[in-house]
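In what follows, a single structure is set out as structure tokens and then discussed.
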Amino acid sequence: MRENITISENFLHYIWKNKLFRSENMTDADGNHIKVLSTGTLNTDAGPDFFNAKIKIGDTIWAGNIEIHLRSSDWYKHNHHKDHAYNNVILHLVIENDKDCYSADNKLITISTLNYANNLFEQYKNLINN
């Protein structure tokens, strides 16, 4: 029996961890190119999804944490804007950027849409179903 599987944060974690995203056209909300130097380490405990990632935006290299959601507004649904554990998030990866996000110390969080090959989700569903 096949399950009806929808895109989840676990699927997005899988893409990020395994570098299956389209990095050549990764940009922030302002159109600045983002180069991923390191995806970081998956966090299996409370707090941001990936620790110790490294990205480059323009001439600046950023080191910190990555948070992943389906929509950027999930940042507020999960109360990350009130949690100081998320103040070191350098990149918020989403499928849909529907709201600007701010940390508990009122800093704007860089948001990028996570792009991946169209057939990747179908392959993922087949793996899960088998």
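At-a-glance table
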read-out	value
Folded to 0 to 90 degrees: helix 118-129 orientation relative to the chain principal axis, Cα	60 degrees
Local net charge near residue 116, Cβ-Cβ under 13 Å (Lys/Arg +1, Asp/Glu -1)	+1
Assigned charges on the beta-carbon of Lys, Arg, Asp, Glu; the range 22-129 dipole about Cα centre (debye)	120 debye
Furthest towards positive pole of dipole, 42, 60, 87, structure part the chain, Cβ charges	42
Between the range 95-130 and the range 20-62, the alpha-carbon center distance in angstrom	12 Å
Other-chain or far-sequence residues with amide H under 5 Å of residue 89's (modelled H)	65
Pair residue 20, residue 126: separation of 7 Å Cα→Cβ label points (nm)	1.2 nm
Residue among 70, 37, 93 with the largest mean-square fluctuation in a Gaussian network model of the chain, springs linking Cα atoms under 10 Å	37
In order through the range 51-63: 3J(HN,Hα) via Karplus (6.51 cos²θ - 1.76 cosθ + 1.60), integer Hz, x for Gly, Pro	9, 6, 7, 9, 10, 10, 10, x, 9, 9, 9, 10, 10
Estimated FRET transfer efficiency (residue 56, residue 77; beta-carbon r; R0 30 Å; 0.05)	0.50
Order of 78, 13, 92 - criterion: other Cβ atoms within 10 Å of each residue's Cβ, fewest first	78, 13, 92
For residue 34, residues with placed amide H under 5 Å, excluding near neighbours	26, 27, 28
Nearest-0.05 FRET efficiency for residue 115 and residue 37, computed from C-beta distance (R0 22 Å)	0.75
Sequence-separation-based contact order of the chain, relative, with Cα cut under 8 Å and 6+ spacing, percent	23 percent
Under DSSP loop assignment and at most 16 Cβ neighbours within 10 Å, longest trypsin sites (Lys or Arg not before Pro)-free interval of the chain	23-98
Under-5 Å amide H pairs with residue 102, H placed in peptide plane, nonlocal only	109
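Just so you know, all these numbers are worked out from the coordinates, no wet-lab data involved. On a predicted model such as this, the values are computed, not experimentally measured, just so you know. When we count neighbours, we look across all protein chains shown, and the Cβ atoms used for this are built from the backbone with ideal geometry, even at glycine.
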